[in-house]
Amino acid sequence: MDRPNIPGQIGYLTLNSEGAVLCSGGDLENDEKTAVVLQSLIGLAHSRLDHKAFDQDFKRLSVVFDDHAYVVCLSNRKVHIVKRQLRAAE
Amino acid sequence: MVKYSVCAYFNNQIVPVCFSDDILNRNPNDLPKKTDEQSALTRILQETATNVIDVAALDSHNLQQHDYLDRVKSYNVKVQQVLTANKASLAPKLKTCILQDVPQPDKVLGADLLSLDDSELISSSVTAALNAINDIKVDHKEDLVVPFGLGLNC
């Protein structure tokens, strides 16, 4: 794997600014469906939120399920998506 | 010199077939015709040469490994320049993005996830809000359509 340094990581995706998959691995290998969904989710979140209520941008978007979570962040004009396994204790 | 021309009478039109000058020039010496032919040939050759990419000739340039690396470097620099110049037009999707650009993605991605308590709090408040919204009812008391001015007229 290209980026093993995140605890509980079981898959990753890196998208460019146009939504194309640059690299991927683990559970999310070539998972363009997830890429499209999460990409549109950050656009949707942007259009739904009242910007007057927040005076700053967000650093991370998390989609949390019972046993796993997708975390999305933007860096260097690339969208980084990591799928993380949640520990049972959490 | 008397010029004459051979014409053909065709379909009520006189069509010239050949002129006297041509015939006179052609017969005495073939030299001018030959040079014409050669210049035409060289012209064809030149046109073909400009239109054809000669792969074998390209090979003779023989780029060295470091030349390739230098080119890769300079092309990358150029691409970066163009990208930064057209940043706005190239990333329309990211313009409508809720996320801000962070320098170290691993740090943000690796940070602790939402605690269970917090997510439970969020779920319960959202459920409560949803229930509240569903509870909104219109309490119908009066007629929606009320006749105006009827009392005055009568």
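The values are calculated or read from the model by the stated rules, or taken from the named source; none is laboratory data. Fair warning: this is a prediction, and the values are worked out from it, not measured in the lab. Note that each Cβ is placed from the backbone with ideal geometry, even for glycine, and that neighbours are counted across all protein chains shown.
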- Task: Taking A:Gln85 as the residue in question, decide whether it is within 18 Å of A:Leu28 (Cα to Cα), surrounded by fewer than 17 Cβ atoms within 10 Å (Cβ to Cβ) and not acidic (Asp, Glu).
- Result: yes
- Item | Subset tally (residues that are within 21 Å of B:Asp118 (Cα to Cα) and touching a His at 6+ places or on another chain (Cβ under 8 Å)) for segment A:31-90 | 6
- Item | Which numbered condition A:Gln56 fails, given (1) facing chain B (nearest Cβ under 9 Å); (2) crowded, with 17+ Cβ neighbours inside 10 Å | (2)
- Cross-chain or 6+ apart pairs with Cβ under 9 Å, segment A:60-81 first and more than 10 Å from chain B (Cβ to nearest Cβ), then aromatic (Phe, Trp, Tyr) and surrounded by fewer than 24 Cβ atoms within 10 Å (Cβ to Cβ): A:Val63/A:Tyr70
- Matching residues, segment B:112-127, being surrounded by 10 or more Cβ atoms within 10 Å (Cβ to Cβ), part of a helix (DSSP H, G or I) and not aliphatic (A, V, I, L, M): B:Asp118, B:Ser119, B:Glu120, B:Ser123, B:Ser124, B:Ser125, B:Thr127
- Message: With surrounded by 15 or more Cβ atoms within 10 Å (Cβ to Cβ), in contact with a Ser or Thr (Cβ under 9 Å, 6 or more places away or on another chain) and either more than 7 Å from chain B (Cβ to nearest Cβ) or not in a strand (DSSP E or B) (or both) as the only criterion, which of A:Leu28, A:Leu22, A:Leu38 stands out?
- Response: A:Leu28
- Query: In the list B:Leu90, B:Leu45, B:Leu63, which residue meets the criterion of being over 30 Å from A:Ser47 (Cβ atoms), at pLDDT below 75 and of a type outside the set (Asp, Glu)?
  - Reply: B:Leu63
- Query: Taking only pairs six or more apart or across chains, which ones have beta-carbon atoms under 7 Å, a first residue in segment A:25-47 that is in contact (Cβ under 8 Å) with a residue 24 or more places away in the chain, and a second residue that is exposed (fewer than 13 other Cβ atoms within 10 Å of the Cβ) and among the acidic types (Asp, Glu)?
  - Reply: A:Gly25/A:Asp2
